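The values are calculated or read from the model by the stated rules, or taken from the named source; none is laboratory data. Note that the structure is predicted; figures quoted are calculated from it, not measured. Cβ placement follows ideal geometry from the backbone for every residue including glycine, while neighbour counts extend to all protein chains displayed. Accessible surface is based on the protein model in full, side chains and every heavy atom, while ligands, DNA and RNA are left aside. Shrake-Rupley method; radii C 1.70, N 1.55, O 1.52, S 1.80 Å.
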Amino acid sequence: MAGMREEHLRQMLEQLHTELQRTDAIDDRSRELLRGVLGDIEDLLARKQKRGTQPESIIERLREAVRAFETTHPTLTDAIGGVADALAKMGI
C-alpha cells in the first residue's frame, strides 16, 4: 500500500513540474519557493526523512504556494493540492 501511495505522489510531483514549466507568469520568488519545496519532497521520498527538514515545514510551504497561486494560476494550484493530498495520505 505504501508503494502505491509513493507512486501516486511521484505522479503528482511530475504533474506539478509540468505545470510549473508551462506557467510563464510566475514571479521568480514564487517559482523558487515552489522548486524548493518540490526538491524537499523528493529528498524526503528518497530518504524517507531528510535531516533538518520536517514534514510540517514542507506542508506549510505547500500551503504558502497555494496562497500565492490560487487566484492567478488555478491549474498550478490544483497540482499543488494533489501533491499535498498525496502527502497527507502517506501520513506526512
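Within segment 73-92, being modelled with pLDDT under 80 and farther than 14 Å from residue 12 by Cβ holds for one residue alone: 91. For segment 17-25, the count of residues that are modelled with pLDDT of 80 or more and more than 9 Å from the chain's Cα centre (by Cα) is at least one. For first residues located in segment 10-22 and farther than 13 Å from residue 42 by Cβ, partners that are open to solvent by 70 Å² or more (accessible area, probe 1.4 Å) and not aromatic (Phe, Trp, Tyr) and lie 6+ apart or on another chain with Cβ distances below 6 Å form the pairs 19/75.
Note on segment 18-30: residues that are touching a helix residue (DSSP H, G or I) at 6+ places or on another chain (Cβ under 7 Å) and not hydroxyl-bearing (Ser, Thr, Tyr) amount to 2. Number of residues in segment 31-43 that are surrounded by fewer than 19 Cβ atoms within 10 Å (Cβ to Cβ) and touching a residue at least 24 places away in the same chain (Cβ under 8 Å): the value is 3.
The set of residues in segment 65-84 being exposed (fewer than 15 other Cβ atoms within 10 Å of the Cβ), in contact (Cβ under 8 Å) with a residue 24 or more places away in the chain and assigned to a helix (DSSP H, G or I) consists of 75 alone.
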